[in-house]
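The values are calculated or read from the model by the stated rules, or taken from the named source; none is laboratory data. None of the values given here were measured: they were computed from a predicted structure. Reconstructed Cβ throughout: ideal geometry from the backbone, glycine too, with neighbour counts over all protein chains shown. These area figures cover heavy atoms from the full protein model, side chains too; ligands, DNA and RNA do not enter into them. Shrake-Rupley method; radii C 1.70, N 1.55, O 1.52, S 1.80 Å.
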Amino acid sequence: MLSALRAAVLLALAGHLCAAAAHAQRGGTEPFRKVELVRLLGSRAMATPEIATLVRRNCVAFRPSERDRADLRAAGADDAVFAAIDQCLRARTPTNRPAPRPSAPVSRPTVPAPPRVTQQPAPRDTQAPQAPPPAPAPPPAPLPAPPARPVPAPDLTQFTRGAGQHAPVGSALAVVLEVRDSTGAPVAKQPAAFAVSGGTVTPTAAETDATGTVRVRVALPERAGPVEITAKVGTFSRTATVYADPGPAHELVVERGGAPAGHVAVRSRDTVVLRVVASDEYGNRTRLEDFVATTSGRSIGLMAAAASDSQALVTLEPRRSGLSELQLSASGLRARVTVDVALPATAGPWAIGARSAWLGANNPWINAPSLAGISGADFTVFGRRSLPGADGLSLALGAEAGSLSADRTAGGTVSMTLVEAFGRAELAVFPDRPVSPVVSLGVGAYHLKSNDNGQAVYHTNAFWSGGVGLDVAVSPRVTVEARVERQWMRDANQGHVATFWPLGAGARIAL
């Protein structure tokens, strides 16, 4: 009985497989359903290259999922069959994709029931024969596979409207994303997620409409600059950039050295440069238009005022200590800045000074046979003027008087009186520094006479001098001097008489 049942099942399966092979061989053009393709592969009635040829010709009525591909490979499909499936699906367009044909009921042969063995009662001539059991009902036909969902194409999906727009900060604008598949057809009901680098986007997630588009609203941030919009579609992303521009001018801001300056303090004679910028209500710099700058008061002067795009530069010249005001106007706005000038005390061109020195001379610096050496002290007063336009150069006029003592070659000493009048030019090497080296060159007239009515020494003529020294500024008006000079004394009848070496120190006060 069991052998008869097994034979009936095998007969039914063979019937199904032969039916599938017959469908393929008789040249039908309808796409294969999955169940038909699995049966055809499992029957081994045709080689896989022949099955691949049929698939390329008829295509399939379903888009294989990963599970479908696993089932087909288990039934015997190779890479040639899968390549034929993918090729025919790519060739089909959404509008021309053939509708899946209705499933025909699969006829299955009735498997005869195994003979029943019953306990027969004692045979009687009047008992009727027993009727066979009814055949089993065929299974329901499988539902047709849903049409394959189109896949968005990265190279055809993009922002079509709104990208590159400019709008004021704090405002809103619309951006449109269009999703299409590889054939260029719109993809409807495709989910997309949106995000922005600044501000907000509404909605953050949406589906495309029947035209494959979705519209979002972007609220721009308060800070001016580019804003990037990102749309996540399936496995890829698309971006677009919009721009938040500064709003209209709301305030004029004055800066000095990069810091806001509502009050400007000036403590030197150097020029002052201020920068003026216009900002919107959120603090973004915006365009500066119709810029005008004026000053009031005598402590500052307006040297220059120039505007360019979003900023202006104003140059002020301090003139005297006191308060002044800078008035600014631009883009319909006005601003006032108080300027407090306190200039340091500075030296004028004129100065007076005094200096004392020790001076002396000996052989070979004395051209007087009766004298062996001369030494003593002198005192000098002078007036000095700095020359304008020549940094560090000055002229001095002065007078000098000294009391000297001369050693006689025959023994003993004799007192002498020295009187000089001179003019001298001096050059300070670093006039702007508190300590500066000085070089000098001068000429003058002298009178040198011994107290014995000139019997030992008596000379009256001209001399010239040269020297070096050091100036030390102890205050803006007071300078301490140190000098070393060489004075060449001449006489009309005798030529060179003596050479003195004054070593002096003094001070001068600017007037």
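Exactly one residue among T230, T241 is in contact with a Gly (Cβ under 7 Å, 6 or more places away or on another chain), over 29 Å from A312 (Cα atoms) and hydroxyl-bearing (S, T, Y), and that residue is T241. Sub-8 Å Cβ pairs linking a first residue in the stretch 34-61 that is on the phi < 0 side of the Ramachandran plot and among the hydroxyl-bearing types (S, T, Y) to a second residue that is assigned to a loop (DSSP other than H, G, I, E, B) and buried (at least 19 other Cβ atoms within 10 Å of the Cβ), at least 6 apart or interchain, are T48/A77, ordered by first then second residue. Restricting T271, T235, T239 to those that are within 21 Å of L173 (Cβ to Cβ), of a type in the set (S, T, N, Q) and modelled with pLDDT of 90 or more reduces the list to T239. All of G454, G467, G495 fail the test of being small (G, A, S) and either under 19 Å from A396 (Cα atoms) or open to solvent by 70 Å² or more (accessible area, probe 1.4 Å) (or both), apart from G467. Taking the listed residues R433, R508, R490, the one that is within 18 Å of A396 (Cβ to Cβ) and either basic (K, R) or in contact with a helix residue (DSSP H, G or I) (Cβ under 9 Å, 6 or more places away or on another chain) (or both) is R508, with no other qualifying. Within the stretch 277-322, the set of residues being of a type in the set (D, E) and in a strand (DSSP E or B) comprises just one member, E317. Take the residues in the stretch 359-416 that are acidic (D, E) and modelled with pLDDT of 80 or more; name whichever of them is surrounded by the fewest Cβ atoms within 10 Å (Cβ to Cβ). The selected residue is D407. Checked against (1) surrounded by 14 or more Cβ atoms within 10 Å (Cβ to Cβ); (2) over 59 Å from the mean Cα position of the chain (by Cα); (3) part of a loop (DSSP other than H, G, I, E, B), A354 passes all but condition (3).
Against the condition in a strand (DSSP E or B), under 20 Å from I366 (Cβ atoms) and touching a Gly at 6+ places or on another chain (Cβ under 6 Å), how does L418 come out, does it pass?
Details: in a strand (DSSP E or B): yes; under 20 Å from I366 (Cβ atoms): yes; touching a Gly at 6+ places or on another chain (Cβ under 6 Å): yes.
Against the criterion (in a strand (DSSP E or B), under 20 Å from I366 (Cβ atoms) and touching a Gly at 6+ places or on another chain (Cβ under 6 Å)), L418 qualifies.
Taking the condition farther than 22 Å from L156 by Cβ, in a strand (DSSP E or B) and either in contact with a strand residue (DSSP E or B) (Cβ under 9 Å, 6 or more places away or on another chain) or in contact (Cβ under 8 Å) with a residue 40 or more places away in the chain (or both), does P226 pass? Against the criterion (farther than 22 Å from L156 by Cβ, in a strand (DSSP E or B) and either in contact with a strand residue (DSSP E or B) (Cβ under 9 Å, 6 or more places away or on another chain) or in contact (Cβ under 8 Å) with a residue 40 or more places away in the chain (or both)), P226 qualifies.
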